[in-house]
Amino acid sequence: MQNENSLSFKREYDNITKEEVRNMSKQPSKYDLILNAFITLLIEVGYQSATINKIAEKANVNPSTIFRKFKDKEGLLSAVIDRHLNDLAAIFDDALVVTGDIETDLINMSRTYQEFQEKHQEVVLIGLQESFRMPKVSHAVEEIPVRFRKILLQYFTEMRAQNKIKKSVDVEAAVMNVIWLNFGYFLTAIRYDNPELITDPEDFYEKQIRFFAKSLRP
C-alpha cells in the first residue's frame, strides 16, 4: 500500500490530462472546487489531516470523484502545483508588455506580480509554512521570484544599453531591490491588519516603485 505521507508527486493520476490542468484556472469546475478545498484544508489542518473525505465534504463532491480524477492526495498536490506553474508561465512569460518607460514598466511589472501573488496567496503561504514537509510546493513558489528576476535582469540590462537608466546602475542590485520591495509588500499586506503598516496598492506603486524607478533615470 502506498504511504499517504509520500511526496513523490508522480504524474500518473487517473483520467486527467495536462490540458485539463491548464484549464482549471480558467473555467470554474469541479476540479477547481476540489483543488481549492484541498488548499484551504492544507492551511487549516495540514497535509496529514486533509483527508479525502474532508476535501470532498468541503468541495461538496463525492469522494469517489476525487479518487477517479486525482487518484490520491499526491495527485491532488501535483495538480495544485501544475495549476500554479501554468498560471505563472502564462503571466510572466506571455502577458508582460513593456513600453520602454522605466516608471511605467516597473509599475506594470509590480502590479502583475502582486496580482499573481494575491490570486495564489494560499499556495504561497503553504510553500512558506511547509517548506520542509512539502518541498515540491516550496520549489514551485520559489519559481515566482526566480522568473521575476529573469525578466527584470533582461529588462534592466536592455534599458542600460539604451541609456534609459544610469550607466552606473548595478543591475543585479536593482533587480533584487524590485523583488524585495514587492515581496515585502505582499507579505505585509496578507499578514498584518495594522493600518500603520498597510498601504493601498496604488500608493505602493506610486510612492515606492515609481520613486525607485525615478532614481534609476540618467
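Couple of notes before you dig in:
- Members of Lys119/Lys167; Lys136/Lys167; Lys167/Lys207; Lys150/Lys214 lying beyond 28 Å, as alpha-carbon distances in this model show: Lys119/Lys167; Lys136/Lys167
- The stretch between Glu142 and Lys166 holds 5.7 nm of extra length on full extension. This uses 0.36 nm per residue minus the Cα-Cα distance.
- Taking each DSSP H run with n ≥ 4 as -39500 (n - 2.57) and averaging over every residue of the chain yields -20500 deg cm²/dmol at 222 nm.
- Neighbourhood charge, 9 Å Cβ-Cβ cut-off, centred on Leu41 and excluding it, Lys, Arg +1 and Asp, Glu -1: +1
- Region 99-216: C-alpha gyration tensor shape, a/c 1.5 cut-off, then a/b vs b/c: oblate
- Rounded to 10°, Cα long-axis angle of helix 171-191 versus longest principal axis of the chain: 50 degrees
- Loop-exposed GluC sites (Glu not before Pro) per DSSP, neighbour cap 11 Cβ within 10 angstrom, longest uninterrupted part of the chain: 13-195
- Cα point-scatterer Debye curve for the chain, base-10 log of I(q)/I(0) at q = 0.09, 0.10, 0.14 Å⁻¹: -0.44, -0.53, -0.89
- ³J(HN,Hα), Karplus 6.51/-1.76/1.60, whole Hz, each residue of region 42-49, x for Gly, Pro: 4, 6, 6, 10, x, 5, 4, 8
- Dipole magnitude for the chain: computed about the Cα centre from +1 point charges on Lys and Arg Cβ and -1 point charges on Asp and Glu Cβ, it is near 420 debye.
- Length released on extending from Trp180 to Gln48, taking residue separation times 0.36 nm less the Cα-Cα span: 44.2 nm
- DSSP-loop trypsin sites (Lys or Arg not before Pro) across region 132-187, with at most 15 other Cβ within 10 angstrom: Arg133, Lys166, Lys167
- Dividing the mean sequence gap of close Cα pairs (under 8 Å, 6+ apart) by how many residues region 31-104 holds gives a relative contact order of 27 percent.
- Relative to the longest principal axis of the Cα atoms of the chain, helix 135-161 runs at roughly 20 degrees.
- Cα long-axis angle, helix 102-119 against the chain (0 to 90 degrees, to the nearest 10): 20 degrees
- Among Ala140, Ala173, Ala59, residue whose mean-square fluctuation peaks in a GNM of the chain (springs only between Cα atoms under 10 Å): Ala173
- Region 38-141 pair-distance distribution - Cα-Cα, 5 Å bins, rounded %: 2, 12, 19, 20, 16, 12, 8, 5, 4, 2, 0
All of the numbers you see were taken from the coordinates with simple rules; none came from a lab. Keep in mind it's a predicted model, so treat the numbers as computed, not measured. All Cβ positions, glycine included, derive from the backbone under ideal geometry; neighbour counts span all protein chains shown.
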